[in-house]
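S.K.: I'd like to ask some things about the structure below.
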Amino acid sequence: MKDNHRGVLIAEPGAGRHRSLAGALPGEGSEVVAAHGAAEAVAVGRSLQPELALVDLELSPDCSLVGDLVTACPGTSVVAVFDAPEGVAGDAGEALAQGAAAVVERNLLAADLA
């Protein structure tokens, strides 16, 4: 897995929430791994070195998980995901400052990927 960078890490605060995003990912052959805590997400990211990491900002309100993943797996595109109406307009800038490739609302991301 480390050589082909085809994995996807989905970091969510609760089990089961990742399925909406995982089911919408295009293509086949990508391993999708869910992590339900910041430490678990960093450990999985370090091991998997995924092509993409989707990080729910609810899991990391200060956006530090974004920066931790950028450091742990520098070849990974980290996308910060938030739920509206709890939107995080102020945190979007912080997520980008921490190294996120993008910040998107969950429903829009799922719709774009479908």
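S.K.: Among the candidates Val66, Val70, Val42, Val78, which residue alone is out of contact with any helix residue (DSSP H, G or I) (no Cβ under 8 Å at 6 or more places or on another chain), closer than 19 Å to Val8 by Cα, at pLDDT 95 or above and not hydroxyl-bearing (Ser, Thr, Tyr)?
M.R.: The conditions single out Val70.
S.K.: Then there's this: Any residue at all in segment 11-30 that's at pLDDT 90 or above and either open to solvent by 60 Å² or more (accessible area, probe 1.4 Å) or under 23 Å from Val70 (Cβ atoms) (or both)?
M.R.: yes
S.K.: Now, a different point. Among what's in segment 45-63 and is in a strand (DSSP E or B) and at pLDDT 90 or above, pick the residue that is most open to solvent (accessible area, probe 1.4 Å).
M.R.: Leu52
The values are calculated or read from the model by the stated rules, or taken from the named source; none is laboratory data. It should be emphasised that the depicted structure is a prediction, and the values quoted were computed from it without experimental measurement. Counting neighbours? That spans all protein chains shown, and the Cβs are built from the backbone with ideal geometry, glycine included. The area values use the complete protein model at the heavy-atom level, side chains included, leaving out ligands, DNA and RNA. Shrake-Rupley method; radii C 1.70, N 1.55, O 1.52, S 1.80 Å.
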